[in-house]
Structure formats: structure tokens, C-alpha cells
Amino acid sequence: MAEDKKELAPELKEKLRTEFEKDWRKDMRKSVPPKDRMKLGRQKMPERGPDERNKDFEEVNLGLTPEMARAEARRCLDCVNPQCVAGCPVGIDIPGFVKLIERGEFLAAAWKLKETNSLPAICGRVCPQETQCEELCTVKKAAGVPVGIGNLERFASDFERLSGSVTIPPLLPPTGKRVAVIGSGPAGLTVAGDLAKLGHTVTVFEALHEPGGVLIYGIPEFRLPKAVLKAEVDYLKRLGVDVRANFVVGMTATVDDLKNEGYEAFFIGSGAGLPNFMKIPGENLVGVYSANEYLTRVNLMRAYDFPSYDTPVFPARTAAVIGGGNVAMDSVRTAKRLGAERAVIVYRRSRTEMPARTEEIVHAEEEGIEFQLLTTPVRYIGDEHGRLRAMECQKMELGEPDASGRRRPVPIEGSEYTIEVDLAVCAIGQSPNPLIPQTTPGLKMGNWGNVEVDWTTMATNLPGVYAGGDIVRGGATVILAMGDARVAAAEIDKFLRR
Amino acid sequence: MPKILTRERLVPNIHLLEVHAPEVARKCRPGQFVIVMPDEKGERIPLSIADWDAGRGSVTAVFMLVGTTTRKLAALKAGDEIPVFVGPLGRPSMIETFGTVVLAAGCFGIGALWPTARALKAAGNRVVALIDAKAEDLVYWKERYRSVCDRVLFSSRDHALASKDFIPRPLENALKAEAPVARVIAVGCTYLMYACAQATRPLGIKTIVSLNPIMVDGTGMCGACRCTAAGKTKFACVDGPDFDAHLVDWEELFMRRRSYFDDEIRSLCHYEETELP
């Protein structure tokens, strides 16, 4: 696995330093002494009340106001050695954009973000900032509560979008080189944006009928509105990126076919599109979904608006969602919104081991989600029509740490009990989608169906073919996929100009 | 968006849709399917590919009127556009020189098996088609089948056709008359495929069916189409759609296909109230 937190690259350090030395930054640092900045409390993200929001799919967080954003930005110390940047997988100049917000130059802050991040309105909403930039924030170390970097990122990019003045950065002269990007998720969109800015002709191939990958089929409207995603995709289109939906690379055309058509470089970002199941009895009963299917029906196919939209989804009286990650939180909060009286997370470890973003767990708790922790299902039980009616669970206790460093859950003999459920969603992770690997002869694969890459360049063993995101990682986050994509884009550029 | 070239009613409840989709047409092989969505608010459903013409850039699917989606498809006209017509998906059927192959086809399967019949003949097999329909006027593509098959038989509840039986008995008769039969391929409604599987099981004749569970994306991403073969969960979209009929858990397939029965009726009522002229 790649090193996710790294020392800053020398060029990045240099760039940050130059910005740091600018006069306006010096003046701003002097204007409020650090100890006063540290006394300022964190601006709380305005959000809709739990009992209002858990009944619809409108966004939960409302965004900071300009005054709140400036106040929050004032909490940043503008450190000489900004640790937050080291925590960011794409290396955003965090003090740079934060100080522009403090100065009230919101559009400039948005442009600063876009120098390194093509999808800031998305990252500001879905990144696990608490384990990345905000984890390393000096204010957190000194005063306990980090600067709300994610909220500020969201603020600046929303401000730009809502102002209607989204500008196109200068593009390098066209190189005439064609690049095929496979998959329009966070990795694919990032590669596409970077390479278009570098002057290459980019086509993004998407199997589904709308671009976005997990951003459209997986992450619900209440966390990432489709309008935000659409604006980011439109921005890429304005950079000249061609998005071809309804095209399954591997089936409609293989990588080799595209090579014969004149594509010179490839980025495989086809994601973790193969849901894992637990292989326990009753898993194929009607009423047991993979999280992918459940979320796709609701998000991409708009089943929440059935029968105006034609795709149905089961409503539930009691919905159980198996898992403790972001996908599990999205699924259980969706079930609640679709009218479940009880929506329950069933997770085999304890709350501290849950991989979901803290904000999602807190929001779920506020919305009335139940948590049955240290619990795992062992069997699903159906009625005479093959429909799910109950789930047998077993209690767990935590044993010795395993390879992931988390304490291994161990079943407690004789602790089995049954809960009545009429919907179960399995959100225990996904594996890489096999279509591209199966149809690309010679592509080197890892042990669990992932594409193997050189982590320093994201190059596969095939010349000109790069990969990143969940197809190499198995099931990670939006921002890690984007980090891979930025590395790959730089390398693809080098490859095309060699 | 792909353009409709032809949409015609073949028999009272079965329609043909020919779509301009040159990239799909270039790649089609027997046994594959496409995912279609009739309009922006529609559902994604799989349709077996019944024919294609790479030169004309066209792909043909044959479908039976069942619910809202197929009714919407049946309302399309030549020149209309369709937002999703993606493929070809699924593993192609195995085409080899087996010897004598009996094809058992019913309803949309008469269309779906046509590319297989053609390819098996071209591969040097003796190809016998057994076409099942409730009545003679529900049989289509008779002449097409006659043009490539060594024999074309019918099973029907109608006096006008030779046999008056549902498919198992005529199939058994055909297998006896044609013995030794190397392989049976059955495509049609779930019940027809199940009945064929039961008929060939005691005879030990390898039988292939093209499973038709509910799908959403059709590329392995969602797992809606999971079915059990030889005790293992498989995704029909990427592991199939062809499976060994004797290894399929039929009860589970019937049950999963009925998942949304009530919603299908609700959807159809909504469609008839709001969108039908």
C-alpha cells in the first residue's frame, strides 16, 4: 500500500515558501498575534435540524456564511511549516487559500484551490479531513480544535460556483495527443482535468448513463448534491474534456481497440465496482441488498421518487445496514429517509474502530440511527415467499490487533440473538471491478483482483497504461483516488512528451 | 443519443427494436445482451441481442411486453432517440462444433437464440430448433430459423401446429429422434428454461440456459442479478448470462425475479394514468 502521508516534495515546499513570504501574508500574520488567533472558537457548520433532514434528501450541511468563513480563516496561524499540507493527498496550498478567505478574496481562494484540486466543492464535502489536513493542524495540537479546513474549502468553491464566475484557467497549447480515461469517478475526473490543462485531448469513458462514478451512484444527495457534481463535470467539459457515457471499456471496446483508434495513453480508474458479500446463509433472499445496489437505485436511478421515476426500491420498517464505513452511514441514513421506523447499523467492532468520517457518524446518531456495535449477522431468515424477515446476529469482543492495526473482533459463543428486519444492506466493502483486467491481456494484477502499479508513478506494467483509485486500492476514499490521479496525470504528461 | 431505426410489433405481445449503435454492433456475439433505458426517468433493464449488422451499425433486440419499461419501448418510433443502449454485455455463448444441438426457444427467446442458431450452424453443428408458442400466430422468425436449421419443430397449445404440448414432452421427443444430442440450449421465460432443465436432467444432456434476473448496471457493480449455480453465488451480468441449467437454483431465481411484483403493478398504473394519451 502506498504511503498516504508523506514529506512535502521539495518543489511544493519551495512554492509554499514563496507564497508565505509575500508581503500581504506577512502583514496578515502581524495583524493578529497567534495567541489571539488560538483563542478563537471554531465556527460551527450550519446544518438542518435532525428531525427535519431525516425525512428528505436535501443537503444536511448548509455551508458557512462569508462572515463565518472569514472568522474561521482567522484561526489559521499561517505556519512557516504548514503540516496540514503534508496531510493532504493532493498537496493543496492550504494556508494560501485560507488566508485569501481571511482577506475576503473568496474567488481568488477558489482559484488557488483549483491549482491543485479539480473538484474542491466535492472534497470540501466528502474528504475525511479529521484524519488528514485537520489532524496535523498546529491549532489542533496547541488549542485542541483544528481550523475547519474542509468547511473553508467547501465555502470557497461554493462561493465561486454560486457567483456564476467560474473561470477557465489558461490551457497549454494543444499537443494533439489523445488520452483515454476509463471511469468518470473522482480519479478519472481528476486525471482528465489535469491533462486537459496540459494541452492533451482527453476522452472520459463511463459505463453508466451519468458521469461521476461513486459520486453519482454512491454518495447521496443529502451529502453531495448532484448539482455540485454537475458543475464540476461542466467545468471539465469547458476545459475541453469529452465525456462519453454508456461506453463500457472492456466490452464496447477494449483498451487494445482504443489504442488502435489512436489513443496513446490510458488511465484506468474503473473503481471498486464489485460488491462483497459475507457468504452467510440467506444472503440472496429478497430484501438483502449490496450497498452498491441500494444506493444506485436511490441515487442514480432516483428510486426515492418512485413511481415518477420507474426504478423501485424496498421501503423498510426495520432496516439493518452491515458495516461501519461511509458507505454504511450513507445507506442507513438513506433507509431512514425512505421511511424506516428503525434504521440500525450493525458493526462488528466498536465505535472507535469505525472507518466512517466522524461527521457522518455524529449526523447519523442525531438522525435517530441505532448502533448495534460488536455485532455481526450470521444468518438471514426469510418468509415463505423468500422475503427477508429476520436476521440472526452474534455478539463479538475485541481481541489482539490484526494486520490493519485494529483489534480483531472475536465471536462470543452462545451470544446469538434474532432481530426482526425487512431490509438488510451489506456495506462491508467492494473489490476492484474485473471487466478491464479480464479484457486487457498482459495487464499485471495483484492478489485480490487489483491492478498492480508502481506507487511512485501509478504506471501499470503496460507502457502508457496508468491506474489509480479503488481499482488499485480496493476500497478507499475520494481524496486518495484523486491523489493517485494527480501523480498519474503528471506521469502521463511526461510519457506523452517523451 | 442512439437513434431507433425500426420498432415493430412481431406478434401481439412481442416487439422488435433496431437501434443505431455502431460501436455495440461491432462487438456483438451470440448470447450477449444490452442494457436499455427508455427515457430519462426510466428503469435500466437487460434485453438479449437478437441480431446485429456491423455494416449498417445496427443492433436488434426482441422483447415481450411486461411492465412499464417494455411498454415505453413499444411506444418508440423510428427516428426517436433512446438515452441508454449500452453493451454488448455478458459473456458470449460458447460456440463450438458439438455435434447435434437442440435449441428450445420461447417468447423473446425466439429472437435471442437466433444469433446462436446461426453461429452453431456456421460452426458445423446439426441444429434443431424447437419453438414454443401458445398459438401459431405467436410464432415469429419461422423462415429465418428454417433458413439455417436442419429441422424446425414447434410446441404449442394450438391445434394448427404439430404438437399440442408445453415444451418438455416435445423436447423429449426431439431428443429421442435426434439422439445422440450433444447439447440443449434453452432461452425464454424462466418457467420454460426450468421445464427444459427438468426434462434433460434425467437424460444427462448438457443444457445451457440464459438467465434473466433483474439487473441495474449490468457490469458487475451492483449485484442485483445474483443467482446461485452449483451452490455458489454468481452475478448473471458478468459471470453469465449463460449457465448450466442443471446447476441453477431455480427456486431462488423465481423468487428474486418476483422481488418487485407489487411495485411493477404500481408503476404500470402510474404510467397508464399519467403518460398514456
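Here the dipole of the range B:3-89 is about 80 debye; that uses its Cα centre as origin and unit charges on the Cβ of Lys and Arg (positive) and Asp and Glu (negative). By the Kirkwood approach, averaging reciprocal distances over each pair of separate Cα atoms, chain A gets a hydrodynamic radius of 23.7 Å.
Counted over the range B:100-257, the DSSP beta bridges are approximately 30% antiparallel. Here the 3J(HN,Hα) profile of the range B:243-260, calculated from phi with Karplus coefficients 6.51, -1.76 and 1.60 at θ = phi - 60°, is 9, 6, 4, 7, 9, 7, 7, 5, 4, 5, 4, 4, 5, 5, 5, 8, 2, 10 Hz, Gly and Pro shown as x. What pairs from B:K3/B:K77; A:K279/B:K234; A:K259/B:K27; A:K230/A:K336; A:K26/A:K99 go past 18 Å between their alpha carbons? A:K230/A:K336, as the Cα separations exceed 18 Å there. Peptide B:85-93 shows a mean partner chain C-beta count of 3 within 10 Å per residue C-beta. For B:L65 and A:D305, what is the calculated FRET efficiency with R₀ set at 35 Å and r taken between the beta-carbons, to the nearest 0.05? Computed FRET efficiency for B:L65 and A:D305: 0.90. Paramagnetic label reach from A:T131 (point 7 Å along Cα→Cβ; backbone nitrogen cut-off under 14 Å): within the range A:322-347, residues A:324-329. Dimensions of the range A:277-428 based on its C-alpha atoms, expressed as ranges along the principal axes with the largest first, amount to 51, 39, 25 Å.
Gain on full extension, evaluated as 0.36 nm per residue between A:R351 and A:E52 minus their Cα-Cα distance, stands at 105.1 nm. Note the direction-averaged projected area, equal to a quarter of the hull surface, for the Cα convex hull of the range B:100-257, in nm². Dividing the Cα hull surface by four gives the mean projection, 9.2 nm². Annotation: amide H-H contacts under 5 Å for A:I345 (H modelled 1.01 Å from N, sequence separation of 5 or more, or interchain): A:V321, A:E370, A:F371, A:Q372.
Along its three principal directions, the equivalent ellipsoid of chain B from the Cα gyration tensor extends over semi-axes of 29, 21, 19 Å, largest first.
The alpha-carbon positions of the range B:3-89 define a convex hull whose volume is 80 Å³ per residue.
With the highest mean first, a sort of the peptides A:173-180, A:321-328 on other beta-carbon atoms found within 10 angstrom per residue produces A:321-328, A:173-180. Toward the positive end of the charge dipole of the protein assembly as shown, with +1 on the Cβ of Lys and Arg and -1 on the Cβ of Asp and Glu, the farthest Cα among A:M68, A:A489, B:P92 is that of A:A489.
Loop-resident trypsin sites (Lys or Arg not before Pro) (DSSP state other than H, G, I, E or B) in the range A:22-115 with no more than 10 further Cβ atoms inside 10 Å of their Cβ are absent.
Take the Cβ atoms of A:M278 and A:D27, set R0 to 56 Å, and the FRET efficiency comes out at 0.45.
With unit charges on the beta carbon (Lys/Arg positive, Asp/Glu negative), name the residue among B:G220, B:V248, B:G204 whose Cα is farthest towards the positive pole of the charge dipole of the range B:168-277. It is B:G204. Under a 5 Å amide H cut-off, with hydrogens placed 1.01 Å from N, A:S431 pairs with A:L274, A:N276 among residues at least 5 apart or on other chains. Judged by the mean number of other Cβ atoms found within 10 Å, the most tightly packed of the peptides A:204-216, B:86-98 leads the ranking A:204-216, B:86-98. In percent, rounded to a whole number, the relative contact order of chain A is 15, using alpha-carbon pairs under 8 Å and six or more apart.
This model, with +1 at the C-beta of Lys and Arg and -1 at the C-beta of Asp and Glu, gives chain B a dipole about its Cα centre of some 780 debye. Arranged from fewest to most other beta-carbon atoms within 10 Å of their beta carbon, A:M251, A:M396 become A:M396, A:M251.
When DSSP assigns beta bridges and you keep just the ones with both residues in chain A, what percent turn out antiparallel, to the nearest 5? Of all bridge pairs located within chain A, approximately 40 percent are antiparallel.
Take every pair of alpha-carbon atoms less than 8 Å apart whose residues are at least six positions apart; their mean separation over the length of the range A:1-150 yields a relative contact order of 25 percent. Using the average count of surrounding beta-carbon atoms within 10 Å as a protection proxy, the listed peptides B:254-265, A:462-473, B:40-51, B:144-155 rank, highest first, as A:462-473, B:40-51, B:144-155, B:254-265. When the Cα positions of A:T334, A:L388, A:A403 are compared along the charge dipole of the range A:277-428, A:A403 comes out farthest toward the positive end, with charges on each C-beta of Lys, Arg, Asp and Glu. From its DSSP helices (H runs of at least four residues, each -39,500 (n - 2.57)), chain B gives a residue-normalised ellipticity at 222 nm of -8000 deg cm²/dmol. For the range B:178-188, 3J(HN,Hα) computed residue by residue from phi via the Karplus equation (6.51, -1.76, 1.60; θ = phi - 60°) reads 9, 3, x, 9, 7, 6, 10, 10, 10, 9, x Hz, glycine and proline entered as x. Dipole magnitude for the protein assembly as shown: about 1080 debye, using +1 per Lys or Arg Cβ and -1 per Asp or Glu Cβ, origin at the Cα centre.
The string of couplings for the range A:328-337 from the Karplus curve (6.51, -1.76, 1.60, θ = phi - 60°) is 5, 4, 4, 5, 6, 6, 5, 4, 4, 5 Hz, one whole number per residue in order, with x for Gly and Pro.
Per-residue shielding of B:66-72, expressed as the average number of other chain Cβ atoms within 10 Å of the residue Cβ, stands at 1.
Would you mind giving the mean number of other chain beta-carbons within 10 Å of the Cβ of each residue in A:306-317, as a whole number? Taking the mean over all residues of the peptide, I get 6. Just the Cα atoms of the range A:161-203, one point each, no solvent: what log10 I(q)/I(0) does Debye give at q = 0.17, 0.18, 0.19, 0.21 Å⁻¹? Debye curve over Cα of the range A:161-203, log10 I(q)/I(0) at q = 0.17, 0.18, 0.19, 0.21 Å⁻¹: -0.53, -0.58, -0.63, -0.72.
Between A:A245 and A:E206, the built amide H atoms are under 5 Å apart, and every one of these is 5 or more places off in sequence or on another chain. Fewest neighbouring Cβ atoms within 10 Å first, the residues B:W250, A:W448 line up as A:W448, B:W250.
For chain A, the mean residue ellipticity at 222 nm estimated from helices alone is -10000 deg cm²/dmol, where every DSSP H run of n ≥ 4 contributes -39500 (n - 2.57) and the total is divided by all residues, rounded to the nearest 500.
One way to sum up the overall shape of the range B:178-277 is the equivalent ellipsoid from its Cα gyration tensor, whose semi-axes run 30, 17, 12 Å, largest first.
With r as the distance between the Cβ atoms of B:R266 and B:K142 and R0 = 35 Å, compute the FRET efficiency 1/(1 + (r/R0)^6) and round to 0.05. E between B:K142 and B:R266, to the nearest 0.05, is 0.40.
Bear in mind these aren't lab numbers, they're just calculated from the coordinates by the rules spelled out. Just so it is clear, the model here is predicted, and its values are computed rather than measured. Neighbour counts are summed over all protein chains in view; Cβ atoms, including those assigned to glycine, are modelled from backbone coordinates with ideal geometry.
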